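The values are calculated or read from the model by the stated rules, or taken from the named source; none is laboratory data. Being a predicted model, the structure only gives us computed values, none of them experimental. Using ideal geometry, Cβ is built from the backbone for each residue, glycine included, and neighbour counts are taken over all protein chains shown. Just the protein is used for accessible areas: all its heavy atoms, side chains included, with ligands, DNA and RNA removed. Shrake-Rupley method; radii C 1.70, N 1.55, O 1.52, S 1.80 Å.
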Amino acid sequence: VQEIQKSMSNNDQSKVIIFGTETTISEDKHRSQLISSGIAENRIIVQACPQLQQYIEHNPKGEDTEMLIMSYVDEAMTKNDNPKNDIYVSLNCTHFGYAGDLWTNGFEFAGASPKSIINPNIQLSEILLKDEFKKGYGKTEIKIQVVSKVRINPENVNSIAEILKEQSVATSNALLKYEVVNNLF
């Protein structure tokens, strides 16, 4: 929400398209927090993306994933009453950012060029890796571990690990060695 606010503050005619899972969109937290912070409701477009998470897990760069993203981009763009306004895009599912190039392609195909695509994965890692957190103790080690309450399909693990490798080899390796913790929550 903070990244969306910061992006939109430069232009009071801009709009944001919030993409998320059905659960994220139905919970309505992002939209309602933006409205509470003073962003006009007509500047916010929300788009649920059923099944996209599973497609990205299976193959984040695959043709089926790309076609699904294109359809959601197209659907969201039909909700935009003034395509001349600056558009910001927010990917509000951790999975969605792994298909970043496909989102760019989807908007190009729709004839749109967002001012920026906000990927929460990047912001989260920047928050966690700030110098102020690294210097909290005499010696700080960063350990990456992946845990899940459920078993993850090995094909999905390998697919996402390959994408993660581009950004963080340590995270990719942690995913490949993930641990199932049945009573996680």
Residue in the stretch 156-166 that is modelled with the highest pLDDT, counting only those that are over 14 Å from residue 178 (Cβ atoms) and open to solvent by 30 Å² or more (accessible area, probe 1.4 Å):
162
Okay, strands (runs of 3 or more DSSP E) sitting entirely in the stretch 1-111 with 1 or more residues that are surrounded by 16 or more Cβ atoms within 10 Å (Cβ to Cβ), of a type in the set (S, T, N, Q) and under 18 Å from the mean Cα position of the chain (by Cα), I get 44-48, 87-92
